[in-house]
Amino acid sequence: MIEEKQLKQITKAYLSILEKYESRIPVLDIDDIKRLIGDVRLFWYRQKRNVQYVLSHIELSDEVYFLAGAVRVDIDNDGHIDFVLEGKYRIVNEPFLKLSSFYSGTSSEIDFDYANRYLKDSLIDTIKLLREYPGDFYVLPLEPYTNDDMTEYAETLIKCSDQLLLALFENKNASIKELVETYNSYEEIEDAMLPEISKMLTFDSLEDTKLTIREKCNKYLEEYASKLPLLNSLTEIQVFCMAASQFFMQALAIIFIMKCYKIRPFIRDDIAFNYFTIVTKKTSVMGDYSNIEYFYVYVPFILQKVIDFSGKGYNNAKEHYGNGKLVERVVQYCEEQDFESVSPNVIVNYATEIMEKGSSLVL
Amino acid sequence: MDRIKLSNHLKKGDTLFTPFTDPDGMGSTLQLSSWSKNWLPEYLWIGLIIFKLGRENGLKALYGVISELDANNICTPQLSKIRDLDKEKEEMYWEIVVRYTGRETLTPMTVLLTPEIDEVFYNLFFDFSASVDVMIRELMQIIKDCNKFHDELTTDICFIVDWFYVKSGRLHVSNDIKMIPEALVEYYKHKHEEEIMRMYRPIIRSTFQGLSALDSNTDFSNLIWNRMGMVSECNPLVICWEDSYSMDYYADVKKTIEYIAATNEEKKMESKYAVIMGLTCYIYRLYSEIMEKNLGGDICGRIIFRTMVETYINLKYIMLQEKSVNDVYDRFKGYGIGKYKLVMAKVREGKFSVSPDSEICEKLMEHIVNEDMDEMFVKMSLGYFDKTKINQKFSECEEQMLYEIYYEYGTNFTHGFWGAIRESTMLVCDNPVHDYHVVPDYTLEQNLKSVCHDCEIVMKKLFLTISDYIELPAFYISKYVNENEKI
């Protein structure tokens with residue numbers, strides 16, 4: 001059973017660290033960022049055993065969701081309203097440990113202005129989230145953050161991601177190096193890939209399924225080349241590998257957290273959800289991942305994408321549909337309808353129907 | 001090192017003082033000072049440079065650093081003093097260090113010198129790509145390498161500190177003393193393995209000792225140790241004792257008990273037999289539980305063993321009393337039943353409410369109390385049996401060693417005194433920055449040296465004692481009873 005008291009204590013102590021930097025936000029400079037990152041790192045380092053204890057005591061029946069495929073909840077765009085609908089407890093994967101890796105690179109690899117802006121926004125968002133909605137959201141580092149653990153974790157993710165990437169092609173290459181040496185252009189890659197998978201791979205928008213690999217990769221470059229200047233110096237096959245690996249690794253990281261801690265991901269991002277589906281449904285990575293468990297991820301994704309809960313206000317949404325009430329009802333309905341036959345429209349229509357009845361949901 | 005004998009302690013009131021703690025002697029003036037506790041944190045940065053650059057390159061770089069710092073009139077080695085410099089001067093200080101050693105060399109110090117302690121240092125040396133655990137590991141290694149004042153890295157640090165004072169003109173060496181200048185000039189040219197270093201090292205260290213107390217700040221050192229303690233994990237060490245023990249003697253005890261049970265039919269109605277064999281079987285049962293359940297290395301093994309010893313003494317004492325008190329066996333039973341009655345009556349009368357799931361079974365106790373006679377005739381003693389204290393019983397039984405060593409040692413375990421807690425449940429932490437504190441053994445890994453051998457001694461004593469009354473099998477006598485002990 002979840003150790004709620006510990007979870008609250010850790011989050012409270014963490015918030016007090018972030019609050020030390022609140023007054024500096026308008027003028028946040030590199031020295032402030034050094035201090036913030038250093039403070040946060042040491043804090044989690046000291047809390048390592050405590051965090052591990054809390055995470056290892058979570059059960060699936062505790063209904064814990066974590067924010068996946070995003071660094072921050074994004075309160076300004078009502079992300080917290082969508083998130084409060086999920087589960088009984090909601091955890092945000094600690095953002096600053098992750099963001100600190102941006103600052104390890106050089107200016108030729110990283111757009112520091114973008115990184116600083118992102119860090120500042122995350123700081124504002126996290127402080128607001130924990131201060132204004134205490135007890136509704138928590139922050140914990142869900143991925144390894146000590147050097148030894150991180151090395152092993154990164155190696156495992158890369159290895160699994162490489163295997164997934166190699167499996168996309170009809171002719172099997174032994175390694176990514178061999179793959180890069182075999183193909184020279186996006187067209188050669190496209191011809192060599194399994195057609196069904198080629199269609200599913202998108203790097204920017206779910207609507208890109210009909211695009212060619214060249215078009216998809218170009219869209220990816222448009223989106224990411226300014227943030228990751230390194231991309232400009234890569235060959236076509238390298239760009240493709242980098243794009244696909246990036247999203248496969250993200251999906252694998254989500255699955256790693258799910259499997260390790262018996263918590264469910266709340267995925268808002270189309271591409272992240274697409275890769276999550278590819279890995280959980282089209283590969284054997286998740287083993288016996290049940291339909292019902294998939295729907296506990298799928299339903300929240302569809303609901304937040306189609307239904308605008310912001311008009312209902314945070315407290316109203318939380319009280320009437322939050323803490324898993326709406327999602328549970330919709331998933332139950334989908335189970336009754338047989339999961340295989342349920343389309344996004346069925347989910348949205350049923351959820352809308354329930355909400356239009358206007359009453360609170362009681363589970 | 002020779003230990004101070006008990007006879008050399010001074011008794012004042014109820015305390016035994018060593019000559020060093022005597023409040024009227026050295027104890028009033030003696031102040032203990034530790035290199036690692038009081039001084040090392042001030043010079044950790046020097047150790048880090050030597051550790052990371054290697055001895056030769058490190059000492060060379062530091063010589064350059066010292067010269068340049070001196071030229072800028074900021075030649076001081078203590079971190080607490082550097083921290084107290086003006087911002088510009090401190091920045092200049094560390095930029096000079098960086099020029100000779102590289103920035104990453106001192107990055108691990110940012111784990112300790114956080115902005116609250118030294119903002120200038122932190123901002124200069126913090127590295128986003130440096131991992132906290134790797135930095136802590138490096139610092140721990142240095143602390144391990146110079147944990148003692150006589151360690152080689154410690155002496156290298158002392159050498160550099162000596163040079164800080166020479167260069168800044170604060171250390172003057174008399175022309176009459178040749179060894180100190182020679183050691184200061186020659187030390188860095190030699191490897192620690194060389195014979196000459198056996199002479200230089202003590203000179204370097206003793207020179208340092210004369211200087212270190214001048215500028216070191218123990219509050220700063222304590223602060224750094226606290227920081228280090230907070231960020232580094234405990235490394236508890238378990239002492240693993242062999243937990244297997246030969247069952248041969250135990251098997252012979254079982255055979256002996258079997259023999260006694262089969263060959264004493266004629267005595268079974270005697271009170272004496274009931275008490276002697278009752279106590280014997282109780283001790284045998286305790287011994288059996290230790291052996292069969294492999295409790296020899298457990299805390300309860302010690303507690304059980306102590307009960308074996310105490311029961312054995314009771315038995316021996318009663319047998320000794322028999323000559324002068326002819327109804328001693330009935331008295332012993334009556335004393336015990338009285339003790340039972342007291343507890344039973346309190347439960348029965350509702351002084352305390354006892355759960356039906358408790359070990360206490362009031363009905364059974366009542367039955368036992370009324371077994372020999374109606375409880376109205378059972379008196380209750382609130383003192384010792386025969387009004388004799390336990391240590392006196394041991395003494396009268398000529399078993400003083402059992403009392404002073406085994407029984408007293410076991411008392412620590414039955415009463416949960418700290419010695420027993422420390423030995424069984426606390427583990428020494430091998431992390432040098434934690435000052436070798438002890439930590440609870442949460443995972444229950446610590447076992448204890450087995451009590452099985454001691455149990456054997458008591459069982460042999462027991463059989464020898466009852467052999468005046470109970471015949472032992474021939475195999476047991478020939479195997480375990482010495483010629484001069486034979487009946």
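Listed values, structure above:
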{"item": "Rh (Kirkwood; distinct C-alpha pairs) - segment A:1-159, Å", "result": "16.5"}
{"item": "Selected from B:361, B:315, B:343, residue furthest toward positive end of dipole (segment B:305-397; charges at beta carbon)", "result": "B:315"}
{"item": "Distance in nm between pseudo-label sites at residue B:21 and residue B:263 (7 Å out along the Cβ direction from Cα)", "result": "5.4"}
{"item": "At least 15 Å along the helix axis (C-alpha) and Kyte average at least 0.0, DSSP helices within chain B", "result": "B:40-53, B:132-145, B:152-167, B:218-231, B:271-292, B:299-321, B:452-466"}
{"item": "Inter-chain shielding of B:230-241 (mean C-beta neighbours from other protein chains, 10 Å cut-off)", "result": "1"}
{"item": "Mean Kyte hydropathy of 1.0 or more with a Cα span along the axis of at least 15 Å, helices from DSSP in chain A", "result": "A:236-261"}
{"item": "Per-residue average of Cβ from other chains inside 10 Å of B:136-144", "result": "1"}
{"item": "Whole-Å semi-axes of chain A's equivalent ellipsoid (Cα gyration tensor)", "result": "32, 28, 19"}
{"item": "Environment charge of residue B:255, counting only residues whose C-beta is closer than 13 Å and scoring Lys/Arg +1, Asp/Glu -1", "result": "-1"}
{"item": "Cα-Cα over 26 Å, subset of A:88/A:259; A:219/A:259; B:11/B:37", "result": "A:219/A:259; B:11/B:37"}
{"item": "Radius 11 Å from Cβ of residue B:425, net charge of other residues (Lys, Arg +1; Asp, Glu -1)", "result": "-2"}
{"item": "Charge dipole of the protein assembly as shown about the Cα centre (unit charges at C-beta), most positive-ward option of A:15, B:413, B:66", "result": "B:413"}
{"item": "Sequence-separation-based contact order of chain B, relative, with Cα cut under 8 Å and 6+ spacing, percent", "result": "16"}
{"item": "Residue with peak Gaussian network fluctuation, chain A [Cα springs, cutoff 10 Å], from A:324, A:69, A:105", "result": "A:105"}
{"item": "At R0 = 35 Å, FRET efficiency that the Cβ-Cβ distance of residue B:34 and residue B:239 yields, to 0.05", "result": "0.85"}
{"item": "Residue-count net charge about residue A:198 - beta-carbon cut-off 14 Å; Lys, Arg +1, Asp, Glu -1", "result": "-3"}
{"item": "The protein assembly as shown, helix-only ellipticity at 222 nm - DSSP H runs n ≥ 4, -39,500 (n - 2.57), divided by all residues, nearest 500", "result": "-18000 deg cm²/dmol"}
{"item": "Peptides B:45-51, A:224-230, B:372-378 ordered by average Cβ neighbours within 10 Å, highest first", "result": "B:45-51, A:224-230, B:372-378"}
{"item": "Considering only the protein assembly as shown, percent of DSSP beta bridges that pair antiparallel, nearest 5", "result": "45"}
{"item": "Averaged over B:118-130, number of beta-carbon atoms from partner chains that fall within 10 Å", "result": "4"}
{"item": "Reachable aspartates and glutamates from residue A:357, criterion Cα separation under 18 angstrom, eight or more residues apart if same chain", "result": "A:308, A:319, A:328"}
{"item": "Above-threshold pairs, the threshold being 26 Å between Cα atoms, out of A:48/A:227; A:5/A:318; A:8/A:48", "result": "A:48/A:227"}
{"item": "Ordering of A:298-308, B:180-190, B:261-271, B:331-341 by packing [mean C-beta count within 10 Å, highest first]", "result": "A:298-308, B:331-341, B:180-190, B:261-271"}
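Just so you know, all these numbers are worked out from the coordinates, no wet-lab data involved. Computed from a predicted model, the values in this text were never measured in an experiment. Virtual Cβ from ideal backbone geometry, glycine too; neighbours counted across all protein chains shown.
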